[in-house]
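> The structure follows.
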Amino acid sequence: MRKFGKRRIAYHEAGHAVIARVLGVDVPYVSMAPIGASAEGTPATLRWSAEWLARNDPTTMLVGLEIDAKITLAGPSAEQKYRPDTNIKLALREQWRDDMRLAQSAAAKIVLLRADPNQQFGFEGERTFEITAEQNAEIAQLVNRFSDEATVLVQQHWPAIERVATALLNRRIVYSDEIDAAIAG
C-alpha cells in the first residue's frame, strides 16, 4: 500500500474512533484495519455499538442507532477533510460503500422503530422489511442529517483525529486510553 493510501486509511479510522469516544461509545482500540474487521479484513458487526448496548429498549435504541450512524459517517468525513480533493472514484471504494450501507441501515431501523416501537431487529442473519416511498425519503433525510452532524463533529475534533491518525501511521494500533488522551489534547 502506498504511503498516500495509508494516510487516508489512518484518517478514516481515526475519524471513526475519535467520534465514537466523543459520543460515549467504548472503543478498545483502533487499527489500520477497519474497526470491527476480522483478521482477513472482512467487515464484521461493531461489537461495541451503541445500538447493541441498547437492544432491549426501543427508546434508547433510537439514540444508539443515531450515534452509530454518525460514527460510521465520521470515517469518510475525516478522510474527506484530510483530502478535500477526494473524488467520486474514492467515494465508491468498498469501505465508503460499507459505511454508507451501515448508516442507511441505521436510518431505516430508526424509521421502522418510529412506525412500530415493538419492531424486532435480530442481530443474527438478514431480514427483509417493506419500505414505503415516504419512509425511503425519510431514511435519505436522516442519512443526510447524520452526515452533516458527523462532518461538524469531525471539524470540532480535528486535532484529536490528526493525533490518532499520526499514531496509527507510527504504530498501526492505538488503544482507548491513547484515543482519550488525544481528545483531551
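The values are calculated or read from the model by the stated rules, or taken from the named source; none is laboratory data. The structure presented is a predicted model; accordingly, all values stated were derived computationally and were not measured. No Cβ is skipped: glycine too gets one built from the backbone with ideal geometry, and neighbour counts run over all protein chains shown.
Residue-wise test of (1) over 22 Å from residue 11 (Cα atoms); (2) out of contact with any helix residue (DSSP H, G or I) (no Cβ under 9 Å at 6 or more places or on another chain).
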site: 113; (1), (2): yes, no
site: 118; (1), (2): yes, no
site: 131; (1), (2): yes, no
site: 137; (1), (2): yes, yes
site: 143; (1), (2): no, no
site: 151; (1), (2): no, no
site: 157; (1), (2): no, no
site: 161; (1), (2): no, no
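> Right, next: What tally of residues in region 10-50 results from selecting those that are modelled with pLDDT under 85 and either touching a Ser or Thr at 6+ places or on another chain (Cβ under 9 Å) or more than 25 Å from residue 110 (Cβ to Cβ) (or both)? Before you say what the answer is, go through the steps one by one.
Step one: of region 10-50, the residues modelled with pLDDT under 85 are 32-50.
From what's left, either touching a Ser or Thr at 6+ places or on another chain (Cβ under 9 Å) or more than 25 Å from residue 110 (Cβ to Cβ) (or both): 32-33, 36-42, 44, 46, 50.
Number of matching residues: 12.
> Okay, moving on. Can you tell me how many residues in region 154-185 are surrounded by 20 or more Cβ atoms within 10 Å (Cβ to Cβ) and among the small types (Gly, Ala, Ser)?
Result for region 154-185: 4.
> Shifting gears a bit: Which of the residues spanning region 80-98 are assigned to a helix (DSSP H, G or I) and modelled with pLDDT under 90?
Listed by number, the residues that qualify are 80, 88, 89, 90, 91, 94, 95, 96, 97, 98.
> Condition first: of a type in the set (Gly, Ala, Ser) and either without any contact (Cβ under 8 Å) to a residue 60 or more places away in the chain or not in a helix (DSSP H, G or I) (or both). Now tell me which residues in region 168-185 satisfy that.
Within region 168-185, 181, 184, 185 qualify.
> Does region 149-185 hold any residues that are within 17 Å of residue 75 (Cβ to Cβ) and of a type in the set (Asp, Glu), and which are they?
149, 162
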